[in-house]
Amino acid sequence: MRALVAADAGLAAACALVFALTALGGSKGETSPEPLLTTVPAHP
């Protein structure tokens, strides 16, 4: 029974942390306007 309570408390703490970071705006989620310059290796 203790394990179930501990797991419930851990899950609640993890959810609270995620919601707090989301509310604070951890990342803007914006992408760069410039495309990535990548090269493809020449095939033999």
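List of remarks:
- Available extension along the chain between E34 and A6 is 5.4 nm, counting 0.36 nm per residue and deducting the alpha carbon span.
- Area of V40 that stays accessible when all protein chains are in place (1.4 Å probe, Å², to 10): 120 Å²
The values are calculated or read from the model by the stated rules, or taken from the named source; none is laboratory data. As the structure is a prediction and not an experimental result, all values here were calculated from the model. For the accessible areas, the whole protein counts, side chains as well, though only heavy atoms, and no ligand, DNA or RNA atoms are used. Shrake-Rupley method; radii C 1.70, N 1.55, O 1.52, S 1.80 Å.
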